[in-house]
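A short reminder: the numbers here are calculations on the coordinates, not readings from a lab. What you are looking at is a predicted structure, and each value in this text was computed from that prediction instead of being measured. A quick note on method: Cβ atoms are made from the backbone with ideal geometry, for glycine too, and the neighbour counts reach across all protein chains shown.
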């Protein structure tokens, strides 16, 4: 029997704990999503960060026996950086995407979901619940779409009428039957701005993403970045916002009513060169509280090196030479070699050739050759 009063109470309570939008969906299997995920897998479009078991991703009762409903929540996050420091020669800066501003959203949403669970159990003591955010088995986007939070945009984000796509999503499966909300109609229409603007062509078509090409994914990988994407990264240290910033539904929207989500400009738009020599302890102290730190400092440092090459930052060459000669990590040494060649000065070739003599890693030697080739091309 559907508990209409509990749904009303949950909606009212959600507002008191800072949830911007709440929706309700049946815990039926996600049949259409399953077909789409199988196709994505066949095409090799998955990132590898997802739950590999498609059955778990699409069948809520496998995660919570006797599941009847799913509660979907959305929290709006800021899109504008106040007092943003300037990036200038000799003092270049990188940028973290908006979803990594402020406190790690996983923690924020889990706290909200925990409060909802406690509220439900206070009303229905024998109720069972299972909550998840982003890294859980279910697709946050598919749940939110079914629960009427927003529609699934061509940029592969849920777009809400109130907050655009600048929302964090989480969900809770429960054994309580709650009346489902109506999904919203797709309102993207003929607009194709996000697909056209994607720097790497990762948006194959509206609503279909090849994750292996997506800058948001690429910035989180730990190995050498494929050559064809290095110039596309620009000064991005973590994530990419292009498909959101060009979306007309996001125009003029800036949710700044959650203090814990407010970004520290020096954290989310940090100086690049100091990142190259930052210790693990220093990295954790400065960046540990944001979502973009989850893969550790190496991907961020690699991306910072690429950003310095993007800016042709000659002032950073002494530090890049230091990495080339002393850093124990092949990815950092090799990327530094590539960047040195891209930046290119009179002594760059000599430094690369000196380092070649003692270098034993094949991948690093390959990057050194690329760097030398850049320099040779510049001189001809």
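Sorting 302, 57 by the number of Cβ atoms found within 10 Å of their own Cβ, with the fewest placed first, yields 57, 302. Working note: 222 nm ellipticity from helices only, DSSP H runs with n ≥ 4, each -39,500 (n - 2.57), summed and divided by the residues of the chain, gives -12000 deg cm²/dmol to the nearest 500. Among 58, 135, 219, the largest mean-square fluctuation in a Gaussian network model of the chain (Cα springs under 10 Å) belongs to 135. With a simple spin-label model that places each label point 7 Å from the Cα along the Cα-to-Cβ direction, the separation between residue 84 and residue 56 comes to 3.9 nm. Maximal additional length on extending the residue 205-residue 354 stretch stands at 48.9 nm, based on 0.36 nm per residue less the C-alpha distance. Taken along the Cα-to-beta-carbon direction at a fixed 7 Å, the label points for residue 271 and residue 245 span 2.3 nm. Cβ crowding within 10 Å, taken as a proxy for footprinting-reagent exposure, orders 225, 209 from fewest neighbours to most as 225, 209. Here region 112-128 and region 265-339 have alpha carbon centers that stand 44 Å from each other. Pairs of alpha carbons in the chain separated by more than 36 Å make up 31% of all such pairs. Let me know the shape class of region 193-379, please: from the alpha-carbon gyration tensor, a ≥ b ≥ c as square roots of the eigenvalues, rounded when a/c is under 1.5, otherwise prolate if a/b is greater than b/c, or oblate. Prolate. Applying 1/(1 + (r/R0)^6) with r as the Cβ-Cβ distance of residue 26 and residue 121 and R0 = 35 angstrom yields a FRET efficiency of 0.95. Does anything in region 3-19 have its amide N under 15 Å from the 7 Å Cα→Cβ label point of residue 111, and if so which residues? Within reach of a label on residue 111, which here means backbone N under 15 Å from a point 7 Å along Cα→Cβ, region 3-19 contributes 16-19.
Taking the longest Cα principal axis of the chain as reference, the axis of helix 297-310 is set at about 60 degrees.
Estimate the FRET efficiency between residue 315 and residue 196 by the formula 1/(1 + (r/R0)^6), using the beta-carbon distance for r and 41 Å for R0, to the nearest 0.05. E(calc), rounded to 0.05, equals 0.70.
Nearest 5 is fine: what % of DSSP beta bridges in the chain come out antiparallel, could you say? Percent antiparallel among DSSP bridges in the chain is about 95.
Ranking of 300, 176, 306 by neighbouring Cβ atoms within 10 Å, starting from the fewest: 176, 300, 306. Provide the FRET efficiency to the nearest 0.05 for the residue 294-residue 228 pair, computing r from the beta carbons and using R0 = 22 Å. E between residue 294 and residue 228, to the nearest 0.05, is 0.30.
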